Amino acid sequence: MERKIILALNDLEIAQAIDLLRTLKELIVFLYAFKLQDLFLKGGRNAINRIRQFDGINSSHMLAMVDLKFYDIPRAVFSMTKAAVDEGADIVTVHIEGSMAMMKMALAANSKVQYQVWGVTSLTSISEEENLRNAGRSTQQLVSERVEQAEEAGLHGVVCSSLEAAFVSSRPKFKARGMVIATPGVRSEGANRHDQQRVDTPANALRQGAHYVIVGREVTESRSPYEALKRIVEDIRNV
């Protein structure tokens with residue numbers, strides 16, 4: 001089975017994150033990457049290295065995704081991306097809305113190592129009604145425009161909900177450039193949606209065209225993280 005799961009290690013201290021990974025045991029083999037936000041701000045390279053090198057379980061295959069959604073003037077994003085990559089990030093995220101120049105500066109931040117830049121289209125916590133009210137157009141229109149900008153900038157992938165993944169993945173330029181889709185806001189049937197608005201199951205997100213699904217609280221806040229992740233693995237095994 002291909003590695004299709006990105007595990008979000010949010011709202012955890014480093015020791016808690018490592019304990020969680022120990023609990024997940026052999027299921028770690030199904031993880032493509034681990035996603036850091038506050039933990040990266042607290043620990044930087046130390047957090048990444050400790051997650052990759054803790055004793056007992058081989059987690060060295062996992063990529064480090066630093067999901068800080070950079071959105072600033074181009075030079076500032078250049079500096080922030082460079083700092084994240086210097087600290088060990090394999091994947092960084094930027095808000096596509098920032099500008100074409102901003103995205104290109106993120107891509108140019110470090111020529112010495114390989115890393116990916118993924119562009120955030122529209123947060124999955126934003127509803128269709130909010131996009132219509134605040135952006136003046138549907139989520140599909142908004143995401144389509146931003147994916148086109150990401151294609152033009154040369155980003156390696158985009159972050160969008162399952163509800164947009166089908167039309168994004170079918171775009172000729174998107175496919176030709178070998179771009180990928182990472183989908184957050186996924187939940188197993190009956191799981192707590194928390195603050196997410198545009199939600200789907202992990203399996204259906206992959207069927208719609210996502211390459212990776214980002215899972216977090218369903219696992220990290222579960223009374224049995226192992227069983228929660230196992231349920232997701234089983235859900236996507238044949239997709």
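With a ≥ b ≥ c taken as the square roots of the eigenvalues of the C-alpha gyration tensor of segment 5-236, please select rounded if a/c is under 1.5 and otherwise prolate if a/b is larger than b/c or oblate if it is not?
Because a/c hits 1.5 or more and a/b fails to exceed b/c, segment 5-236 counts as oblate.
Which is the longest stretch in the chain that no exposed loop site breaks, taking sites as GluC sites (Glu not before Pro) with a DSSP loop state and at most 11 other Cβ atoms within 10 Å?
3-188
Between 167, 30, 78, which gets the highest mean-square fluctuation from a Gaussian network model of the chain, Cα cutoff 10 Å?
Of 167, 30, 78, the most mobile in the Gaussian network model is 167.
Cut-off 10 angstrom, C-alpha nodes, Gaussian network model of the chain. Which of 209, 44, 136 fluctuates the most?
Most flexible of the set in this elastic network: 136.
What trypsin sites (Lys or Arg not before Pro) in segment 76-134 are in a loop by DSSP, with at most 16 other Cβ atoms within 10 Å of the Cβ?
Those satisfying the criteria are 112.
Using a Gaussian network for the chain with springs between C-alpha atoms less than 10 Å apart, which of these wobbles most: 187, 146, 223?
Of the options given, 223 has the highest mean-square fluctuation.
What is the distance in Å between the Cα centroid of segment 36-112 and that of segment 138-176?
First find each Cα centre; the distance between them is then 21 Å.
With Cβ to Cβ distances under 14 Å as the rule, what net charge do the other residues near residue 134 carry (K, R +1; D, E -1)?
-2
Among the listed pairs 82/173; 35/175; 35/230; 4/175; 25/112, which are separated by more than 30 Å between their Cα atoms?
Numbers: 82/173 27 Å; 35/175 25 Å; 35/230 19 Å; 4/175 18 Å; 25/112 34 Å.
Going by Cα-Cα distance, 25/112 fall outside the 30 Å limit.
Read-outs: derived from the displayed coordinates by stated rules, not from any lab. Remember, it's a predicted structure, so these values are computed and weren't measured experimentally. Counting neighbours? That spans all protein chains shown, and the Cβs are built from the backbone with ideal geometry, glycine included.
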